[in-house]
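*Asks:* My questions will all concern the structure given below.
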Amino acid sequence: MALSKGSETAKPKPVIPWKARISISFISTITDAARRSNGTINRCLTNLLDLKAHASSSPVNGVTSKDVTIDAENKLWFRVFAPAVSPAAGTLPVVVYFHGGGFAFLSPDSLGYDGVCRRICRHVPAVVVSVNYRLTPEHRYPSQYDDGELFLHFLDENCMVLPENADVSKCFLAGDSAGANLAHNVAVRVGKMGIGENRDGNSGLRRIRVVGLVAIQPFFGGEERTEAEVRFEGAPLVSTERSDWMWKAFLPEGSDRDHRACNVSGPNSEDLSGLDYPDSVVVVGGFDPLQDWQRRYYEWLIKSGKKAQLVEYPKMFHAFYIFPDLAESSQMITQIKDFINKKLAE
C-alpha cells in the first residue's frame, strides 16, 4: 500500500564506513551536478570525474583483462576478465556482467566496476565479460536492451575472443542496479528466442546457453510510492528524486513508471510462464529504497513458476558491493560463487 509522506516520521540511516561515505557523497554530488533540468546530462563533467581503470594483459591480483570493440560508432564494447588458473582446472563458466548507473552513467572501465568484476572473476573463478552499452538520455529505451542482445549474438558467433577455457554453454547473466534490470530483460529476450524469432529475425543462440541470472539490487520501480521509498527518502545514490529523473530520461516519451521496463512485475509485465527463464538469485539491501520492488520481482518470479533465491543484507545500502572493505561485499561475492557452483553441479 502506498504511504503518504507524513505517515513516516523516523528516517533510519545505515552505518557507512567513512571511506565509503566519502565516495558515495562524491558520486551523488557529481551525478546531481551533471543532471540538467532539461533532461540532459553534462557529459564533460561526468567524463572528467569518472575515474577509469585500464585493461591489463599482465595479471593484477591474479586477473588479466582486455577490451574488445563490437561497434565503435555506438560505443558497444566489452572488457574480458580472465583468472590465472591452471589448464588442469578445466573449463570455466562465463559471467556476462551489465554495470549499473541508472542507464545514464558509468561503464565497464569505471574504477568501481573494474574492481567488482575482477573480484567475481578471481573468487568464482569465472571468465567475466563486462558489457558497455549506450547510455540515456542520448539513447532511450530499448537501446540498452538491444545492445545487450546484440552483444550475446556477437559472442555467440565470436567465442574465440574469450580464453580457450571459457565455456559459453555455462553462461550466467549478471548485473547490479540498472544493470540487473538490463540482465533481466536480456534474459526475457533470450527466453523468447526459444519460441520464435527475435526482433532482428534471429532464431536463437547456437553456442551460448544461459543457465543462471544474478540480479544485484535491481533498479525497478513504479508509479506507487512504496513503504521503503518513503522511509528512505533522500537515501544516497537512489533517492526518489534521482530515480524519478532516471526513469523519465530512460523510458519512452509519454510513458509512466508502470511501463514494463520499470515495473517489471506490475500490470504491464511480461508473461514468463512459457519462457525458458534462468534460475535466479536476487540480492536486496535493508537500507535500499528500491527493496520493495526487488522483493516483488522475486515473488513474481516464483509465482511465474521460475526458480529464484532471495539473499538479504539487512544493514546494507544501495551499491554496497562496490566497496570491498565491507564484510557484506565479500559475503555477496561468496553467495554468487555458491550460486554459480551449485548450478554447474546440476
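The values are calculated or read from the model by the stated rules, or taken from the named source; none is laboratory data. Source: prediction; values computed, not measured. Note that we place each Cβ from the backbone using ideal geometry, even for glycine, and neighbour counts take in every protein chain shown. Accessible surface is based on the protein model in full, side chains and every heavy atom, while ligands, DNA and RNA are left aside. Shrake-Rupley method; radii C 1.70, N 1.55, O 1.52, S 1.80 Å.
*Asks:* For segment 54-345, what does the accessible surface come to per residue with a 1.4 Å probe? Please give it in Å².
*Replies:* Working: 11290 Å² over 292 residues.
That works out to 39 Å² per residue.
*Asks:* Could you work out what % of the accessible surface of segment 54-345 is carbon and sulfur, using a 1.4 angstrom probe and leaving DNA, RNA and ligands out of the count? Please list the in-between numbers first.
*Replies:* Working: 5370 of 11290 Å².
Percent of accessible area from carbon and sulfur atoms in segment 54-345: 48.
*Asks:* Further, regarding this structure: Return P(r) of segment 193-306 (all Cα-Cα pairs; 10 Å bins starting at 0; whole %; ordered from short to long distances).
*Replies:* 13, 38, 33, 14, 2
*Asks:* Let me ask you something else. At a Cα cut-off below 19 Å, give the aspartates and glutamates reachable from K75, other chains included and same-chain residues fewer than 8 away excluded.
*Replies:* Hits, sequence-local ones excluded: D50, D67, D109, D114, E138, D146, D147, E149.
*Asks:* Report the gain in length on full extension from C44 to K66: 0.36 nm times residue separation, minus Cα-Cα distance, nm rounded to one decimal.
*Replies:* On the way: separation 22, 0.36 × 22 = 7.92 nm, distance 2.55 nm.
Once the chain is fully extended between C44 and K66, it gains 5.4 nm.
*Asks:* With only Lys, Arg, Asp and Glu charged, each at its Cβ (+1 for the first two, -1 for the last two), find how big the charge dipole of the chain is about the Cα centre; round to the nearest 20 debye. If you can, show how the numbers build up before the last one.
*Replies:* On the way: 39 positive and 41 negative charges, 137 e Å.
That gives the chain a dipole magnitude of about 660 debye.
*Asks:* Also, I was wondering about something else. Mind running the shape call on segment 112-237? Use the C-alpha gyration tensor, a ≥ b ≥ c as the square roots of the eigenvalues: rounded below 1.5 for a/c, prolate if a/b tops b/c, oblate otherwise. Spell out each step's value before the answer.
*Replies:* On the way: a/c = 2.10, a/b = 1.39, b/c = 1.51.
It is oblate, given that a/c is not under 1.5 and a/b is not larger than b/c.
*Asks:* Taking 31 Å as the cut-off for C-alpha to C-alpha distance, list the pairs among K52/K192; K170/K315; K315/K343; K19/K303 that go past it. Don't skip to the end; give the middle numbers.
*Replies:* On the way: K52/K192 36 Å; K170/K315 33 Å; K315/K343 28 Å; K19/K303 41 Å.
Going by Cα-Cα distance, K52/K192; K170/K315; K19/K303 fall outside the 31 Å limit.
*Asks:* At R0 = 56 Å, how high is the FRET efficiency between T29 and R206 if r is their beta carbon distance? Nearest 0.05 is fine. Present the calculation step by step, with values, prior to reporting the outcome.
*Replies:* On the way: r = 47 Å, r/R0 = 0.83.
The calculated FRET efficiency here is 0.75.
*Asks:* On to the next question. Report relative contact order for the chain in percent, whole number only (criteria: Cα-Cα under 8 Å, sequence separation at least 6).
*Replies:* Working: 655 pairs, mean separation 59.6, N = 346.
In percent, rounded to a whole number, it is 17.
*Asks:* Oh, and also: Starting from the Cα of K306, draw a straight line to each of the aspartates and glutamates and keep only those under 17 Å, dropping any in the same chain fewer than 8 residues away.
*Replies:* Partners within reach: E270, D271, D276, D279, E346.
*Asks:* For the pair E253 and N341, how long in nm is the line joining their label points, each one 7 Å along Cα→Cβ?
*Replies:* Between E253 and N341, the label points sit 5.2 nm apart.
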